[in-house]
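First up is the structure itself, then whatever we jot down about it.
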Amino acid sequence: MNTGPAAMNNPPATSTPTSTNSPVATVTTAIVNIASLVTNDPSLGDGTPLGLIQDAAVVIDGDRIVWVGESSKAPATDNRVDAEGRAVIPGFVDSHSHLVFAGDRTQEFNARMSGRSYTAGGIRTTVAATRAASDEELEANLLRYLDEALRQGTTTFETKSGYGLTTHDEARALRIAARHTDEVTYLGAHIVSPDYADDPAAYVELVTGDMLDACAPHARWVDVFCEKGAFDGDQARAILTAGKAKGLHPRVHANQLGYGPGVQLAVELDAASADHCTHLTQEDVDALANSRTVATLLPGAEFSTRAEWPDARRLLDAGVTVALSTDCNPGSSFTSSMPFCVALAVRDMRMTPDEAVWSATAGGAAALRRTDIGRVGPGARADLALLDAPSHVHLAYRPGVPLVTEVWRRGERIAR
Ligand SMILES: [Zn+2]
């Protein structure tokens, strides 16, 4: 993956563990000589939220982490991998993306960068291209962006439907997504389908009726774009409530383009996450702070639409749990790079480097209500990103530089 000379000249010290013929035996591997390890467990490290350990080692057994600590104290293992003084962080958890789509919107982006503002309507362009694409084309496109994200350290991702907007097209998007992640979200309520432009109420009826019935078996989450030009508070409530009744957990596109009811609705319905959170009243911030709902900030969207930044500092100071995600989609945020989002969050949303790295890993896990990812400690999934840098701070300090030189996912060394 990393094409720099250092990566090419420094092959792994030991061979990559591979599955054995025995279904029982697992291979233990110690990754040693880690300059700085982010565990996201204060009890394991220096007591800060990142739980940093200097000169660290991680021991993996099968797909799980079984030990972390100082390198000199690492137990004996089958394999030993020398991290050569790199920093190691948990694999990024990208809890918000839209990767089942076809076509692109280069011209729209070009026009917007030449002065036109972003509205929800541009989604229709992608809907037309997605409907026209075959299953194979959609899956190949999805895999292309997953591979791109993986090479940048993303080991867990959530993705959604929302570019089909018919029962058939929404269900097939979810089926395709579910082949590649457990974190699948039904977003039939992305915009009102162009086929129902004259009768939005009938579209809401479809989204809460036949479409939901077809989609619920393939999804874990239900989402709605609660925004002027998409769905109002009452419509959003009906959609999320119907999804809950079918066993889906809510998450909400809220308060991206303006003030609105999305955040309050998310909190009221115990949504795992309110995503965007760019325009918040004090009541919105207070509601989030007194809830389990995570505020997921998507700085790629503000960057790519030249919009006002969400105020992460205000949320963090109020005690809100904040996640960072890419919102990767062809319209408003066409980046799969979590390191890029970390850099933007630090530079433009007033997060510290520690906060941004936490939010891009543990924060994403919280936004998916997962405890097995987003941390490096005993029992966690062995998902790691090795950085060609001595510290995680370099993710913000060296923006745009491909620092992720190696990725481990479920205990497998899958990209270098
Ligand atoms: Zn989104």
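Every read-out reported here was derived from the displayed coordinates using simple, explicitly stated rules and does not represent laboratory data. Bear in mind the structure is a predicted one, so any value in this text is a computation, not a measurement. Cβ placement follows ideal geometry from the backbone for every residue including glycine, while neighbour counts extend to all protein chains displayed.
Just to check, using Stokes-Einstein with a Kirkwood Rh over alpha carbon pairs, what's the diffusion coefficient of region 114-239 at 10 °C and 1.306 mPa s in µm²/s?
On the way: Rh = 15.2 Å.
Approximately 105 µm²/s, per Stokes-Einstein.
Through the Karplus equation 6.51 cos²θ - 1.76 cosθ + 1.60, θ set to phi - 60°, convert the phi angles of region 82-90 into ³J(HN,Hα) values in whole Hz; use x for Gly and Pro.
Per-residue couplings from phi come out as 8, 6, 6, x, 7, 8, 10, 10, x Hz.
Under the definition of Cα pairs under 8 Å and six or more residues apart, what whole-number percent is the relative contact order of the chain?
Values: 1032 pairs, mean separation 82.2, N = 416.
Relative contact order here is 20 percent.
Once you compute Rg and the Kirkwood Rh from C-alpha atoms, what is the Rg to Rh ratio for region 195-256? Display every interim value, and only then the final one.
Details: Rg = 11.2 Å, Rh = 11.8 Å.
Rounded to two decimals, Rg/Rh equals 0.95.
Straight distance only, please: which lysines reach the Cα of Lys228 with their own Cα at less than 21 Å, same-chain residues fewer than 8 apart left out?
Straight-distance partners of Lys228: Lys160.
Out of Thr26, Thr405, Thr208, any idea which swings most in a Gaussian network model of the chain, alpha carbons joined below 10 Å?
Checking each option, the largest mean-square fluctuation is seen for Thr26.
Can you compute the charge dipole magnitude of region 84-146 about its Cα centre, using +1 on each Lys and Arg Cβ and -1 on each Asp and Glu Cβ, nothing else charged? Give it in debye, rounded to the nearest 20. Before the final figure, lay out each step's value.
Numbers: 7 positive and 8 negative charges, 83 e Å.
For this selection, approximately 400 debye.
Picking from Ala365, Ala202, Ala295, which is most flexible by a Gaussian network model of the chain using Cα springs under 10 Å?
Comparing Ala365, Ala202, Ala295 in the GNM, the peak value goes to Ala202.
Just name one of Val66, Ala83, Gly103: the one whose Cα is farthest towards the positive end of the charge dipole of region 59-127 (beta-carbon charges, Lys/Arg +1, Asp/Glu -1).
Among Val66, Ala83, Gly103, the one farthest towards the positive end of the dipole of region 59-127 is Gly103.
Amide H neighbours of Thr296 under 5 Å, counting only residues 5+ apart in sequence or on other chains, H built in-plane at 1.01 Å?
Residues meeting the criterion, in which the H sits 1.01 Å from N, are Ala274, Asp275, His276, Ala323.
Based on other C-beta atoms within 10 Å, arrange Leu52, Leu187 from fewest to most.
Values: Leu52 21, Leu187 29.
Final ranking by Cβ density, sparse to dense: Leu52, Leu187.
Using θ = phi - 60° and the Karplus relation 6.51 cos²θ - 1.76 cosθ + 1.60, list the HN-Hα couplings for region 227-232 in order, rounded to whole Hz, with x at every Gly or Pro.
Rounded to whole hertz, the list is 6, 4, x, 10, 10, 7.
To make sure I understand the rule: partners must be aspartates and glutamates, Cα under 12 Å from the Cα of Lys73, and not fewer than 8 residues away in the same chain. Which ones qualify?
The reachable aspartates and glutamates, counting only those whose Cα sits under 12 Å from Lys73, are Asp55.
Quick one: 3J(HN,Hα) in Hz for region 125-142, Karplus 6.51/-1.76/1.60 with θ = phi - 60°, rounded, Gly and Pro as x.
4, 6, 4, 4, 5, 5, 4, 7, 7, 7, 4, 5, 5, 5, 5, 5, 5, 4
Out of Thr130, Ala56, Leu257, whose Cα points farthest toward the positive end of the dipole of the chain (charges: +1 Lys, Arg; -1 Asp, Glu; placed on Cβ)?
Ala56
Neighbour counts of other C-beta atoms within 10 Å: give me Lys228, Lys244, Lys73 arranged from fewest to most.
On the way: Lys228 12, Lys244 15, Lys73 9.
Fewest-to-most Cβ neighbours within 10 Å comes out as Lys73, Lys228, Lys244.
Note down the magnitude of the dipole of the chain about its Cα centre, charges +1 on Lys and Arg C-beta and -1 on Asp and Glu C-beta and zero elsewhere, to the nearest 20 debye. Numbers along the way, then the final one.
Values: 36 positive and 52 negative charges, 129 e Å.
That gives a dipole near 620 debye.
For the chain, with a Gaussian network of springs between Cα atoms less than 10 Å apart, report the residue from Glu148, Glu205, Glu136 with the top mean-square fluctuation.
Glu136
Hey, fewest Cβ within 10 Å first, where do Phe109, Phe157 land in order? Show your work: numbers first, answer last.
On the way: Phe109 18, Phe157 27.
Ascending Cβ contact count within 10 Å gives the list Phe109, Phe157.
Kirkwood Rh, region 278-322, all Cα pairs: how many Å?
Numbers: mean 1/r = 0.0919 Å⁻¹.
Roughly 10.9 Å, rounded to one decimal.
Using +1 at the C-beta of Lys and Arg and -1 at the C-beta of Asp and Glu, which of His218, Val401, Met349 has the Cα lying farthest in the positive direction of the dipole of the chain?
Looking along the dipole axis, the top candidate is Val401.
Once the Cα gyration tensor of region 148-191 is diagonalised, what are the square roots of 5 times its eigenvalues, in whole Å and ordered largest first, as equivalent ellipsoid semi-axes?
On the way: eigenvalues 98, 21, 13 Å².
Result for region 148-191: semi-axes of 22, 10, 8 Å.
If amide hydrogens are placed 1.01 Å from N in the peptide plane, which non-local residues have theirs closer than 5 Å to the one on Thr405?
Leu386, Leu387, Asp388
What percent of all Cα-Cα pairs in the chain falls into each 10 Å bin, going from 0 up to the bin containing the maximum distance?
Here the calculated profile for the chain is 5, 23, 32, 24, 12, 3, 0.
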